[in-house]
Amino acid sequence: MPRNVARYVSTVTLSVLKLLATSPLETVSQDGCSRVERRATFSSADRTRFTMEQRLILVNLLIKLGVAAAVASTLVRSVEFKSLLFREDRSLKQQIYLVLWIGIPLSVAVWIRFIQKSFLAGDLSFETTILLGVIAGRFTGMLGGAFIALPALFHGEWATLPFNVLCGFIAGQLRTLAPDRDDIWSFSPFIDLSVYRMIRRNLPTPRLFDWQVMFFVTIVALRFVQTEISRFLPHATFTLEGLSPGGLNPWVWLAIYATSIIAIGTELKIWNSVRIQIKLEEQERLLLHARMEALQNQINPHFLFNTLNSVSSLVRFDPDTARELIIKLATILRRLLNSGDAFVPLREELEFIDNYLDIEVVRFGRDKLQVMKELEPASLDVMVPSMLLQPLVENSIKHGLASKIEGGSIFLRSRLTESQLIIEVEDDGVGMGSANLLEKPTGLGGTGIGLANVAERLKVLYGETARMTIDSREGKGTLIRLRLPVLQSEGSIPAVLYEERSSTRR
């Protein structure tokens, strides 16, 4: 609206001056002013109009940068948009979807420019067409440029559509020349940095072509072509410099060109920061799998070593029992080898524990090792980490019951609360002693390989959402309680856990 007011004031002033200039009193006006004074007054009003328009152009340039950053930041919040943006190969359907995602808000902005004459900064058709071409290729750039130009075409700016198509084609062609796709995402609007990087890369091995410098030159060249079109065909396309037909200050010209370059660079920087974050989280996911495999591989040899010790102690004086142990061990190992999942239903984990306890019952004697189960049926379908309970049961037997002459009992309990699965492994043995207590005030801990492994796995998988507590009383036994988030889906590592720990949704 300030621009309309300025135009209205200047139009009225020029009309008055024109009337005075065509007045019969050619030499002296009614207030005694000479023709020279009237010309001086005209020149002053014209300069005022010229200065105000340039100030409005600078204001619109600042708003334009804000609009570009806001649109880029808003779009990249969408999971679907990110899946379309951060991929190298796109089907025809995906290219059309990408054009619609970016083109619809920018087309609306162009349409608003015609409705609200004071809002000119929302027209980012040139910059968006360049972005679509350089990110997604020639077809996407041409299609996006044509789509964004439709409102301008309907309002008489017919040269905008072919020019946008040309920009999309050239930007897409430039994409094919990029030796590395990271050069596109790391484009900087500061040409001095690009030139500096080019010089440093050319010092050891000279190379004439630098993609980022070529991209910079292409933006400037296409922007110059747009300026020339608006100069020769004022109503065929829209440019901010066309608002001042009397000429612009060189610094304003520089600001106009710099704004187009910075707008493109800003959107690329915003999207690239999210792209880098997604890559970092993907590396974190791979590291999570690697750590889980390492912990799983640590458990299996540890368990196998202890079981083989039990077999070796029986093979001489009780070969039948040793053979039974070997069969049980083969069943356990077959299950371990055939299962590559990090998570299994609690029911399967308890079946595995049954086989393990069968081995331990044979080893200790049925009269010295009793197993009691108190399992809530609804809890049996909840997903838990594979091989989670075996180290806990082994710890109860080794540290709680092995040194107890009369033996004892192990209690396995599970129940569901509103948002947690609670699993308890308790024994009535001799206790672990104050030196072996593993509970720490702010986290998980462990001294033996079994309990330390369980604590580490819970940290890796659940972060702060899981908790393991140990309550051991001298001479009365030990209670290990696990509080885990409720998971109902199967898979190696459920996505819900990773998403809870991720700062970027995908």
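General observations
- Just one of (1) crowded, with 18+ Cβ neighbours inside 10 Å; (2) more than 24 Å from Asp182 (Cβ to Cβ) fails for His235. It is (1).
- Taken over region 395-415, residues that are at pLDDT below 80 and either on the phi > 0 side of the Ramachandran plot or of a type outside the set (S, T, N, Q) (or both) amount to 8.
- Filtered residues of region 217-238 (kept if of a type in the set (A, V, I, L, M, F, W, C) and in contact (Cβ under 8 Å) with a residue 60 or more places away in the chain): Ile219, Leu222, Val225, Ile229, Leu233, Ala236, Phe238
- The set of residues in region 349-382 that are farther than 20 Å from Ile326 by Cα, touching a strand residue (DSSP E or B) at 6+ places or on another chain (Cβ under 9 Å) and open to solvent by 40 Å² or more (accessible area, probe 1.4 Å) comprises Lys368, Gln370, Val371, Met372, Lys373, Glu374, Leu375, Glu376, Ala378, Asp381.
- Qualifying residue in region 145-158 (condition: more than 18 Å from Ala236 (Cα to Cα) and touching a Leu at 6+ places or on another chain (Cβ under 7 Å)): no
- Any pair with Cβ under 8 angstrom, 6 or more apart, that starts in region 109-125 at a residue that is within 18 Å of Ala68 (Cα to Cα) and surrounded by fewer than 21 Cβ atoms within 10 Å (Cβ to Cβ) and ends at one that is at pLDDT below 85 and β-branched (Val, Ile, Thr): none
- Candidates Leu346, Leu388, Leu392: the one that is farther than 29 Å from Arg316 by Cβ, touching a Lys or Arg at 6+ places or on another chain (Cβ under 9 Å), surrounded by 15 or more Cβ atoms within 10 Å (Cβ to Cβ) and at pLDDT 80 or above is Leu388.
- Leading residue by the ranking (surrounded by the most Cβ atoms within 10 Å (Cβ to Cβ)) among those in region 174-225 that are among the polar types (S, T, N, Q) and either at pLDDT 70 or above or not in a helix (DSSP H, G or I) (or both): Gln212
- Per-region count, region 70-92, residues β-branched (Val, Ile, Thr) and either under 19 Å from Gly137 (Cβ atoms) or surrounded by 17 or more Cβ atoms within 10 Å (Cβ to Cβ) (or both): 2
- For region 458-480, filtering for residues that are closer than 15 Å to Met432 by Cα and either surrounded by fewer than 20 Cβ atoms within 10 Å (Cβ to Cβ) or touching a Phe, Trp or Tyr at 6+ places or on another chain (Cβ under 6 Å) (or both) leaves 7.
- Ile130 being free of Cβ contacts under 8 Å to residues at least 12 places away in the same chain, under 18 Å from Leu150 (Cα atoms) and not small (Gly, Ala, Ser): no
- Here Leu150 meets each of (1) surrounded by 19 or more Cβ atoms within 10 Å (Cβ to Cβ); (2) touching a residue at least 40 places away in the same chain (Cβ under 8 Å); (3) not in a loop (DSSP other than H, G, I, E, B) with one exception, condition (1).
- Within region 315-325, if we keep just the residues that are farther than 10 Å from Val362 by Cα and of a type outside the set (Lys, Arg), the residue that is least open to solvent (accessible area, probe 1.4 Å) turns out to be Asp318.
- For first residues located in region 260-278 and under 16 Å from Leu62 (Cβ atoms), partners that are basic (Lys, Arg) and lie 6+ apart or on another chain with Cβ distances below 6 Å form the pairs Ser260/Arg223.
- Within region 113-128, tally of residues that are in contact with a helix residue (DSSP H, G or I) (Cβ under 9 Å, 6 or more places away or on another chain) and over 19 Å from Ile170 (Cα atoms): 9
- Ser492 being modelled with pLDDT under 85, among the small types (Gly, Ala, Ser) and over 24 Å from Arg347 (Cβ atoms): no
- Residue match in region 416-430 (condition: modelled with pLDDT of 85 or more, open to solvent by 20 Å² or more (accessible area, probe 1.4 Å), touching a helix residue (DSSP H, G or I) at 6+ places or on another chain (Cβ under 6 Å) and part of a strand (DSSP E or B)): yes
- Yes/no for Leu254 being aliphatic (A, V, I, L, M), surrounded by fewer than 18 Cβ atoms within 10 Å (Cβ to Cβ), at pLDDT 85 or above and in a helix (DSSP H, G or I): yes
- Per the listing Thr51, Thr74, Thr129, the residue uniquely assigned to a helix (DSSP H, G or I), modelled with pLDDT under 90 and among the hydroxyl-bearing types (Ser, Thr, Tyr) is Thr51.
- Members of region 84-101 found to be more than 16 Å from Ala72 (Cα to Cα) and assigned to a loop (DSSP other than H, G, I, E, B), listed by number: Arg87, Glu88, Asp89, Arg90, Ser91
- Of all residues in region 93-108 being more than 22 Å from Phe163 (Cβ to Cβ) and of a type outside the set (Lys, Arg), the one that is most open to solvent (accessible area, probe 1.4 Å): Tyr97
- In this structure, Lys82 does not qualify as charged (D, E, K, R) and over 22 Å from the mean Cα position of the chain (by Cα).
The values are calculated or read from the model by the stated rules, or taken from the named source; none is laboratory data. Being a predicted model, the structure only gives us computed values, none of them experimental. When we count neighbours, we look across all protein chains shown, and the Cβ atoms used for this are built from the backbone with ideal geometry, even at glycine. For the accessible areas, the whole protein counts, side chains as well, though only heavy atoms, and no ligand, DNA or RNA atoms are used. Shrake-Rupley method; radii C 1.70, N 1.55, O 1.52, S 1.80 Å.
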